[in-house]
1. With respect to Val63, determine if the residue is assigned to a strand (DSSP E or B) and either touching an Asp or Glu at 6+ places or on another chain (Cβ under 8 Å) or closer than 23 Å to Gly29 by Cα (or both).
2. Which one is surrounded by the fewest Cβ atoms within 10 Å (Cβ to Cβ), of the residues in the range 106-132 that are closer than 13 Å to Ser56 by Cα and touching a Leu at 6+ places or on another chain (Cβ under 8 Å)?
3. Limited to the range 239-272, what total is found for residues that are exposed (fewer than 15 other Cβ atoms within 10 Å of the Cβ), closer than 20 Å to Glu181 by Cα and either touching a residue at least 24 places away in the same chain (Cβ under 8 Å) or in the same structural domain as Ser218 (by TED's automatic domain parsing) (or both)?
4. Please work out if Ala301 is of a type in the set (Gly, Ala, Ser) and within 23 Å of the chain's Cα centre (by Cα).
5. For the range 26-54: of the residues being in a strand (DSSP E or B) and among the hydrophobic types (A, V, I, L, M, F, W, C), which is surrounded by the most Cβ atoms within 10 Å (Cβ to Cβ)?
6. Report every pair of residues separated by at least 6 positions or lying on different chains whose Cβ atoms are under 8 Å apart, first residue within the range 76-89 and assigned by TED's automatic domain parsing to the domain that holds Ala16 and among the acidic types (Asp, Glu), second surrounded by 22 or more Cβ atoms within 10 Å (Cβ to Cβ) and part of a loop (DSSP other than H, G, I, E, B).
7. I want to confirm something. Restricting to the range 160-181 and keeping residues that are modelled with pLDDT of 85 or more, touching a helix residue (DSSP H, G or I) at 6+ places or on another chain (Cβ under 9 Å) and not aromatic (Phe, Trp, Tyr), which single residue is farthest from Lys30 (Cα to Cα)?
8. Of all residues in the range 203-223, how many are surrounded by fewer than 16 Cβ atoms within 10 Å (Cβ to Cβ) and either in a loop (DSSP other than H, G, I, E, B) or in contact (Cβ under 8 Å) with a residue 40 or more places away in the chain (or both)?
Amino acid sequence: MGQATAVEALGIAVAARVPVLLWGAPGTGKTSAVRAMARAIGWPCETVIAAIREPSDFAGLPVVTAGDVHMAPPRWAQRLAAAGHGLLFLDEISTAPPAVQAALLRVVLERVVGDLDLPEGVVVVAAANPPEQAADGWDLSAPLANRFCHLDWVAEPARVAQGLAGGWEAPVVPVLPDDWEAGIPQARGLVSAFITVRPGLAVDVPTDAARSGRGWPSPRTWDMAARLRAAADSVNASVEATTALITGAVGEGAGIELLMWEMEMDLPDPEKVLADPDSFEVPERGDRVYAVLSSVAAAVAANPTVERWLAGWKVLGKAGGKTPDVGAVAARVLVQCRPPKAPAPPEIKLFVPLLKDTRWQS
């Protein structure tokens, strides 16, 4: 992955509000690029060097007030909360000792510092040198690594020469369309179908320190990959950037396998299927049927109007007549997102034996 790809992927991850970690050798411009990006979009940027911080700088300092103990946040967190948006830049994160890494877990995933909840407009970006190149470096713990999308930052001679001669370009944060999150259900449906084919990749915790410090498959990172995929598709990102985002979330092996499997599927747009369920033709391959039904059910769940819900059942009915087992998961999703006053669809009869554990009121 070249630096141009990393720059594009970084901007998409920030726009999608997904924590991202840049890996690169010292002196290659990671810190400068993040700060320049913040200036370009007019966001405040709070730089926190994890190596010189204590766990209390992230977990909060205990303060007793009127007999109650609360965890007071540091000033940098208070400034971000007051601004309502911005970048929290965790620099040199691979030099943070294990106790500090543990304190960072809630900060990265939930944006909670002490007793302070940072606004949703605050995005976490981190930078790290590989442990063998860092000053007194540590491998990232598996729980902390699992909270980031990991991108490799490579210094390309041509970009270095151009930057030295004409100045460095700031990474661009794209403006995502207002409805970009509507693409997440389709991406989740695709991941769901893939995991049924490769169940061993649902959770694959690395056993060695080097792999555990980068992206690896878990329900959290698969969901992260779906979000990043939807954001990338909404701005017509390059194939290279999309690949970098997905592999950065779940790891290179799992990510590449997902992308190769998707290329073989050639799946229809679930919104087009819902718009005209009568024209839907059931694929021959079982994994392709599962992928289509999962994405259709996820799309309905994201916007469960009566019309869309009934259309979803029509699609499931066409597939359920041949292979009801394949549509069981999608049927459960539709049952759970039933709109108020929606009539009972006739297609549900095909799935009644498979829905015994699901509450249904006709």
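The values are calculated or read from the model by the stated rules, or taken from the named source; none is laboratory data. As the structure is a computational prediction, the values presented were derived from the model and not from experiment. For neighbour counting, all protein chains shown are included, and Cβ atoms are generated from backbone atoms with ideal geometry for every residue, glycine included.
1. Working: assigned to a strand (DSSP E or B): yes; either touching an Asp or Glu at 6+ places or on another chain (Cβ under 8 Å) or closer than 23 Å to Gly29 by Cα (or both): no.
Spelling it out, it is not the case that Val63 is assigned to a strand (DSSP E or B) and either touching an Asp or Glu at 6+ places or on another chain (Cβ under 8 Å) or closer than 23 Å to Gly29 by Cα (or both).
2. Per the stated criteria, the residue is Val112.
3. 2
4. Numbers: of a type in the set (Gly, Ala, Ser): yes; within 23 Å of the chain's Cα centre (by Cα): yes.
So Ala301 fits the description; yes.
5. Initially, the range 26-54 is screened for residues in a strand (DSSP E or B), giving 45-49.
Going one step further and asking which of them are among the hydrophobic types (A, V, I, L, M, F, W, C), we end up with 45, 48-49.
Details: Cys45: 17, Val48: 21, Ile49: 14.
Ranking the qualifying residues of the range 26-54, first place goes to Val48.
6. none
7. Going through the range 160-181, the residues modelled with pLDDT of 85 or more turn out to be 172-181.
Okay, now just the ones that are also touching a helix residue (DSSP H, G or I) at 6+ places or on another chain (Cβ under 9 Å), so 172-177, 179-181.
Within this subset, residues satisfying the condition of being not aromatic (Phe, Trp, Tyr) are 172-177, 179, 181.
Values: Val172: 14, Val173: 15, Pro174: 19, Val175: 22, Leu176: 24, Pro177: 27, Asp179: 31, Glu181: 29 Å.
Selected residue: Asp179.
8. Number of matching residues: 7.
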